[in-house]
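Asker: I have a structure I would like to understand better, so I am pasting it below and will then ask my questions one at a time.
FYI, it's all coordinate maths here, none of it is from the lab. Owing to the predicted nature of the structure, the values given are computational and were not obtained by experimental measurement. We place every Cβ from the backbone using ideal geometry, glycine too, and count neighbours over all the protein chains shown.
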Amino acid sequence: MKKEFWFVVGSQSLYGEDVLRTVDERAKEMAKELSKVLPYPLVYKVTAKSSSEISRIVKEANYMDECLGVVTWCHTFSPSKMWIEGLKSLQKPYCHFATQYNREIPNEEIDMDFMNLNQAAHGDREHGFIAARLGLARKVIAGYWKDEDVQSRLASWMRVCVGVQVSRTMRVMRFGDNMRDVAVTEGDKVEVQRKLGWEVNTWAVGDLVEEMSRVLESDIDALFEEYKKLYLIATDDVEAIRYQAREEIAIRRMMEREGCGAFTNTFQDLYGMEQLPGLASQHLMSLGYGYGGEGDWKVSAMTAIIKAMGKGENGASAFMEDYTYHLEKGREYSLGSHMLEVCPSIAADRPRIETHHLGIGMNRKDPARLVFNGKEGKAVVVSLVDMGGRLRLIVQDIEAVKPIMNMPNLPVARVMWKALPNLTDGLECWITAGGSHHTVLSYDVDASMLCDWARIMDIEFVHIDTNTNQATLERELLVNDIVWRFR
Ligand code: MN
């Protein structure tokens, strides 16, 4: 589907035709120039001068699927009462871009006419007030439109809007229920559909087994060739790999048929299957599908959404689980992994296909899986939890490192990282906030993007960064408790 953003420029009729023509030409030029550097086109729609014009363009924006968000700016003054009706009904993400056509004040040229034409400083304040008064969720970006840092913030916001669109159309396919007795993977599916748009439903494992039986050997051959191109085959157990290919094809067919972008399964319900999907789930994630282990549908949908917010709409983001710590003084690290399913988009090296025994679950055969080290770099771990009556998105900044040991007997993909502000303070904050052991680990999407996403989706946001300490976090959570009770 085509994706674009709409540029709506505020003005008023008071200025006369000449000024309005200039505003119109410049807005066109800015949209054209910005579209060259932004990840999606910014389409100039109108210089709005009346309440009816604004309402009309907002109605269109709401209706058109390809419009992912609206960017507003006031080249001149634009009295904001005429924006009330339109902004009240706006359902798409909204960014107020407080910029100016000219970079510098021209010493000789400046007179009252110049000031009346170039009065964003004046107009954007009036425009900002009405959104504040209406209590609208919006992104405010200020700065010169030709500056790279400003363009990059606009680009990030556009990626957030892709995440919003993916969320609002998300369907999650659940095979089996959540792992028995686990709390943090639970949640209110009705509330999630109301707030985030996700349709979360179950399909029988038996249906998947039947679908698997219909997969042709020739289809498996083709996918096997694809695996060979992407990964290093480090096992003689070709049948185990072919079995994973059969699982992958069947899961994908069912998801495509139902329009699903994410799925879950659980090792406790593999009735009729020989192996827990490992390589199958990993390769599906590399294609952009979300996945959550042990029936964790929240992390599954978040994986797909965060991947879509990354580069090329399939960024370096992966389903992750905090497993174990290295607590050597001064060299403290977390080790994240999963029993099989880590997305190879975050691999530092060429993933190896290996087969190993998996004691947990109902595996009758050794499942094939991808084994690799995660790459180095700044990243975040993200957890969405259901606090009862509201959702909380917790984001922690981390720095992934080259693992400090090679762990030759660990038969799974792994990522080692330094948590911020440090392992123990970060851990105290994470536990205080109720963050899950399952997360999405992303190198492509940062905390400010996730904050923007949470604001648009109207859910609570908690960020653990280099400045966070437990005392201030506890106060923040206490305030949040009160605030969210009354929203
Ligand atoms: Mn798990």
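Asker: Starting from 0.36 nm per residue, how many nanometres of slack lie between Glu60 and Glu4 once their C-alpha separation is accounted for?
Answerer: So the extension gain works out to 18.8 nm.
Asker: For the charge dipole of the chain, defined by +1 on Lys and Arg C-beta atoms and -1 on Asp and Glu C-beta atoms about the Cα centroid, which residue among Asn363, Trp417, Leu14 has the Cα displaced farthest towards the positive pole?
Answerer: Positive-end residue among those listed: Leu14.
Asker: Going by average Cβ neighbours within 10 Å, how do the peptides 386-393, 179-186 rank, with the highest at the top?
Answerer: 386-393, 179-186
Asker: State, to one decimal in nm, how far the label point of Ser52 lies from the label point of Ala137, with both points 7 Å from Cα in the Cβ direction.
Answerer: Output for this residue pair reads 3.3 nm.
Asker: Once you compute Rg and the Kirkwood Rh from C-alpha atoms, what is the Rg to Rh ratio for the range 369-480?
Answerer: 1.00
Asker: Once all Cα-Cα distances of the chain are split into 10 Å bins that start at 0, what whole-number percent is in each one?
Answerer: The distribution over the chain is 4, 19, 26, 22, 16, 9, 4, 1, 0, given as percents.
Asker: Okay, next question. Residues of the range 324-365 with amide nitrogen under 14 Å from the 7 Å Cα-to-Cβ point of Asp236?
Answerer: Zone members listed by number: 355.
Asker: Relative to a virtual label point 7 Å from the Cα of Lys365 in the Cα→beta-carbon direction, which members of the range 333-352 show backbone nitrogen distances below 20 Å?
Answerer: 340-341, 352
Asker: Something else: Taking 0.36 nm per residue of separation and subtracting the Cα-Cα distance, what length does fully extending Lys228 through His122 add?
Answerer: Here the segment from Lys228 to His122 would lengthen by 32.1 nm.
Asker: May I pose another question? With +1 on each Lys and Arg Cβ and -1 on each Asp and Glu Cβ, how big is the dipole of the range 117-217 about its Cα centre, in debye rounded to the nearest 20?
Answerer: About 560 debye.
Asker: Further, regarding this structure: Where Rh denotes the Kirkwood radius from the mean inverse Cα pair distance, what is Rg over Rh for the range 184-242?
Answerer: 1.20
Asker: In the chain, with Lys and Arg counted as +1 and Asp and Glu as -1 at Cβ, which of these residues, His338, Leu478, Ala183, has the Cα nearest the positive end of the dipole, that is, farthest along it?
Answerer: The one lying farthest along the dipole's positive direction is Leu478.
Asker: Something else now. Between beta-carbons, use under 11 Å as the cut-off and find the net charge around Ala61, counting Lys and Arg +1, Asp and Glu -1.
Answerer: Surrounding charge for Ala61 is 0.
Asker: For every other residue with a beta carbon closer than 10 angstrom to the beta carbon of Leu477, add +1 if it is Lys or Arg and -1 if Asp or Glu, then tell me the sum.
Answerer: Charge balance near Leu477 sits at -2.
Asker: Just how large is the dipole of the range 4-157 about the Cα centre, in debye to the nearest 20, putting +1 at every Lys and Arg Cβ and -1 at every Asp and Glu Cβ?
Answerer: In debye, rounded to 20, the range 4-157 gives about 740.
Asker: With unit charges on the beta carbons (Lys and Arg positive, Asp and Glu negative) and the dipole taken about the Cα centre of the range 171-485, which residue among Trp198, Ala400, Val299 sits farthest to the positive side?
Answerer: Ala400
Asker: A further question on this structure: Go ahead and collect, in residue order, the members of the range 120-148 whose backbone nitrogen is under 13 Å from a label point 7 Å along the Cα-Cβ direction of Glu33.
Answerer: Flagged as within label range: 144-148.
Asker: Could you work out the mean projected area of the convex hull around the alpha carbons of the range 4-157, in square nanometres to one decimal?
Answerer: Reported value for the Cα convex hull: 8.5 nm².
Asker: Helix-only mean residue ellipticity at 222 nm, the chain, DSSP H runs n ≥ 4 weighted -39,500 (n - 2.57), per residue, nearest 500. What is it?
Answerer: -12500 deg cm²/dmol
Asker: If you wrap a convex hull around the Cα atoms of the range 136-181, how much volume per residue is inside, in Å³?
Answerer: Value for the range 136-181: 149 Å³ per residue.
Asker: Also: For the chain, what does the relative contact order come out to in percent, with C-alpha contacts under 8 Å and a separation of six or more?
Answerer: 12 percent
Asker: Which net charge results when you count Lys and Arg as +1 and Asp and Glu as -1 among the other residues whose beta-carbon is under 15 Å from that of Lys195?
Answerer: +2
Asker: So what's the range 205-322 giving for Rg/Rh, alpha carbon basis, Kirkwood Rh from the mean inverse pair distance?
Answerer: On the Cα set of the range 205-322, Rg over Rh gives 0.95.
Asker: Still on this model: With charges set only on the Cβ (+1 for Lys and Arg, -1 for Asp and Glu), what does the dipole of the chain come to about its Cα centre, in debye to the nearest 20?
Answerer: The calculation lands at about 700 debye.
Asker: Would you kindly state how much longer the chain becomes between Lys418 and Ser152 on full extension, computed as 0.36 nm times their sequence separation minus their alpha carbon distance, in nm to one decimal?
Answerer: So the extension gain works out to 93.1 nm.
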